[in-house]
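Everything on this sheet refers to the single structure shown next.
The values are calculated or read from the model by the stated rules, or taken from the named source; none is laboratory data. As the structure is a computational prediction, the values presented were derived from the model and not from experiment. Ideal geometry is used to build each Cβ from the backbone, glycine not excepted, and the neighbour counts take in all protein chains shown. For the accessible areas, the whole protein counts, side chains as well, though only heavy atoms, and no ligand, DNA or RNA atoms are used. Shrake-Rupley method; radii C 1.70, N 1.55, O 1.52, S 1.80 Å.
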Amino acid sequence: MRPALTGDFSGDLLALRGAAILGVNPPVFDFAFFDLWAKPLGLLYLLEALRERGNAVALLDCLYEAPLRERSFGRRIPQSRIVAKPAPYAAVPRHYRHFGLSDEAFAGHLRSMRRPDVILVTSAMTYWYPGVFWAIERLRVRFPGVPIYLGGIYARLCPDHAARCGAHFIQTEFFPVPASRPALDLYDSPRYGLAMTSFGCPFHCSYCASSRLWPRWRRRPVGEVVDEIAFQLALPGVESVAFYDDALLMDKEEHFYPLCRALERFPAVTFHTPNGLHVREIDGPCAAVLRRAGFRTLRLSFEGLDAVVDRAGSAKVSTDDFEAALAHLRRAGYGGDELETYLLLGLPGQEVEAVRRSIGYVRSLGAKVKLAEFSPIPGTPLFDEACRLVPELAVEPLLQNNSVYAPYVAASISPEELQSLKDLARGRSSCR
């Protein structure tokens, strides 16, 4: 099998007319998977753009098509099965699982489809590449000779590794979003929609690859975003919308507030912020606007008390900012269970006791703690730092998995210490 061609193929794809195009979101191979309003948003935008150009598009989402049960706000927990662990995980004492369509179910879906002219496969986390390889291998067998394009986060961040996946073309360059809305209607009865009011991020945190994936921060017109949301809410069953912005509240008076005033026309809809909100931007008026517009799941970006976190996170929040934001949100009507706060865990050089102090501090203010375990992401300053300690990170994306990096790869925290911090975050033990 020849290695894939890498580069920018956006022009070739957007030049297609009258073609049958299949988009595929692969299954996930990992120790755990949580639906945080997860949808392949980039693929959905691209499929919509291709449909607007006269192509027939179809979608096979291996996670959506294998539901086990639903969580709140329409999120799905996909079926899973235990599979053999790859060699890099041999020492990890946890079950490795295949989340999503089984081999038989995937083959059945493909048999029911017409032969496509082009196949688009997306990718997310770098350490989820086994699902990408799995899907492409089966697509090549079922549809021999059909060109397969791989895009997404893994393709962009690990192009040399992705070139061995079996795809014919790897989109490794920035791909400008070519449509004004995602093709959410390709799902059968979706329960939630997705929105982004901007692409990229104005901050340059040393653990985040946003600025590499999006070379510049670009805001979208408010009217365009409202039209996108209205289209999705018109689909049967959609009652929630998740915003995937990295900087939703930046320049809030000029952008976010007008958007929220427009969203008030959807009074029965709930909105969610899984990526985290910058607490420095949450003052009294902002908290009131969030509540009035229907935002219910608020994830706050505090990250931690120690200097290591402060340097890694561009020093974008202080304890005064955080405490003021919580006070404003409570006055606006939010309860403690609605105020989840991200704390970083496992950064290079971060002390366990510093994380423990941060957990105790957030809980003392009556907010919930959501630990965000560090994953070394290619192309970021902290990845380079992590590679100096573990050179294998540069060639094996499985080692970048946030579930195993700190306790088993870097050995910066023991599994027992990690579990004690998780218990503390959940309120199952007291600060020591």
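Could you list, in sequence order, the residues of region 118-168 that are surrounded by fewer than 24 Cβ atoms within 10 Å (Cβ to Cβ) and at positive phi?
Result: Gly145, Gly166.
Right, Arg330: of a type outside the set (S, T, N, Q), within 28 Å of Arg94 (Cα to Cα), free of Cβ contacts under 8 Å to residues at least 40 places away in the same chain and surrounded by fewer than 21 Cβ atoms within 10 Å (Cβ to Cβ) or not? If you could, list the steps in order and put the result at the bottom.
Details: of a type outside the set (S, T, N, Q): yes; within 28 Å of Arg94 (Cα to Cα): no; free of Cβ contacts under 8 Å to residues at least 40 places away in the same chain: yes; surrounded by fewer than 21 Cβ atoms within 10 Å (Cβ to Cβ): yes.
No.
Checking Cys431 against (1) within 17 Å of Asp306 (Cα to Cα); (2) at pLDDT 95 or above, which single condition isn't satisfied?
(2)
Considering every residue within region 358-377, establish whether at least one is on the phi < 0 side of the Ramachandran plot, part of a helix (DSSP H, G or I), surrounded by 17 or more Cβ atoms within 10 Å (Cβ to Cβ) and touching a helix residue (DSSP H, G or I) at 6+ places or on another chain (Cβ under 6 Å).
yes
Check Leu47 against each of (1) assigned to a helix (DSSP H, G or I); (2) open to solvent by 10 Å² or more (accessible area, probe 1.4 Å) and name the one condition it does not meet.
Unmet condition: (2).
Which pairs turn up if I take residues in region 192-211 that are under 20 Å from Asn402 (Cα atoms) and look for partners that are charged (D, E, K, R) and crowded, with 21+ Cβ neighbours inside 10 Å with beta carbon separation below 8 Å, at least 6 apart in sequence or on another chain?
Cys208/Asp246; Ser210/Asp246
Is it the case that some residue within region 55-68 is under 21 Å from Ser403 (Cα atoms), open to solvent by 40 Å² or more (accessible area, probe 1.4 Å) and touching a helix residue (DSSP H, G or I) at 6+ places or on another chain (Cβ under 8 Å)? Even if it seems obvious, please write down each step before you answer.
Step one: filter region 55-68 for residues under 21 Å from Ser403 (Cα atoms), giving 63.
Adding the requirement that they be open to solvent by 40 Å² or more (accessible area, probe 1.4 Å) leaves none.
Checked against the condition, which is being under 21 Å from Ser403 (Cα atoms), open to solvent by 40 Å² or more (accessible area, probe 1.4 Å) and touching a helix residue (DSSP H, G or I) at 6+ places or on another chain (Cβ under 8 Å), region 55-68 yields no hits at all.
Can you tell me how many residues within region 1-16 are open to solvent by less than 80 Å² (accessible area, probe 1.4 Å) and in contact with a Lys or Arg (Cβ under 9 Å, 6 or more places away or on another chain)?
Taking region 1-16 and keeping what is open to solvent by less than 80 Å² (accessible area, probe 1.4 Å), we get 4, 6-7, 9-11, 13-16.
Now restrict to residues that are in contact with a Lys or Arg (Cβ under 9 Å, 6 or more places away or on another chain): 4, 14-16.
Residues flagged as open to solvent by less than 80 Å² (accessible area, probe 1.4 Å) and in contact with a Lys or Arg (Cβ under 9 Å, 6 or more places away or on another chain) within region 1-16 amount to 4.
Out of curiosity, is Ala262 within 19 Å of Gly335 (Cβ to Cβ) and in contact with a helix residue (DSSP H, G or I) (Cβ under 7 Å, 6 or more places away or on another chain)? Don't jump to the end; show me each part of the working.
On the way: within 19 Å of Gly335 (Cβ to Cβ): no; in contact with a helix residue (DSSP H, G or I) (Cβ under 7 Å, 6 or more places away or on another chain): yes.
Spelling it out, it is not the case that Ala262 is within 19 Å of Gly335 (Cβ to Cβ) and in contact with a helix residue (DSSP H, G or I) (Cβ under 7 Å, 6 or more places away or on another chain).
To keep it simple, each residue is scored yes or no on (1) among the hydrophobic types (A, V, I, L, M, F, W, C); (2) in contact with an Asp or Glu (Cβ under 8 Å, 6 or more places away or on another chain).
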position: Gly335; (1), (2): no, no
position: Glu353; (1), (2): no, no
position: Arg356; (1), (2): no, no
position: Lys370; (1), (2): no, yes
position: Leu393; (1), (2): yes, no
position: Leu399; (1), (2): yes, yes
position: Asn402; (1), (2): no, yes
position: Ala406; (1), (2): yes, yes
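May I ask you to list the residues in region 328-371 that are touching a Leu at 6+ places or on another chain (Cβ under 9 Å) and under 17 Å from Val409 (Cβ atoms)?
If the condition is that a residue be touching a Leu at 6+ places or on another chain (Cβ under 9 Å) and under 17 Å from Val409 (Cβ atoms), then Leu344, Leu345, Gly346, Leu347, Pro348, Gln350, Val352 are the ones that fit.
So, in region 93-104, how many residues would count as being closer than 28 Å to Leu194 by Cα and open to solvent by 40 Å² or more (accessible area, probe 1.4 Å)?
Kept after step one, since they are closer than 28 Å to Leu194 by Cα, are these residues of region 93-104: 97-102.
Now drop any that are not open to solvent by 40 Å² or more (accessible area, probe 1.4 Å), which leaves 97.
Here the count works out to 1.
Condition first: open to solvent by 10 Å² or more (accessible area, probe 1.4 Å) and in contact (Cβ under 8 Å) with a residue 60 or more places away in the chain. Now tell me which residues in region 27-37 satisfy that.
Phe29, Phe31, Ala32, Phe33, Leu36
Is it the case that Leu382 is open to solvent by less than 20 Å² (accessible area, probe 1.4 Å) and free of Cβ contacts under 8 Å to residues at least 40 places away in the same chain? Full working, then the answer.
Numbers: open to solvent by less than 20 Å² (accessible area, probe 1.4 Å): yes; free of Cβ contacts under 8 Å to residues at least 40 places away in the same chain: no.
No: the conditions fail for Leu382.
Name the residue, out of Ala288, Ala247, that is under 23 Å from Cys208 (Cα atoms) and among the aliphatic types (A, V, I, L, M).
Details: Ala288 fails: under 23 Å from Cys208 (Cα atoms).
Exactly one of Ala288, Ala247 is under 23 Å from Cys208 (Cα atoms) and among the aliphatic types (A, V, I, L, M), namely Ala247.
Inside region 69-92, can you point out the residues that are open to solvent by 40 Å² or more (accessible area, probe 1.4 Å), touching a residue at least 60 places away in the same chain (Cβ under 8 Å) and not in a strand (DSSP E or B)?
Selection gives Phe73, Pro88, Ala91.
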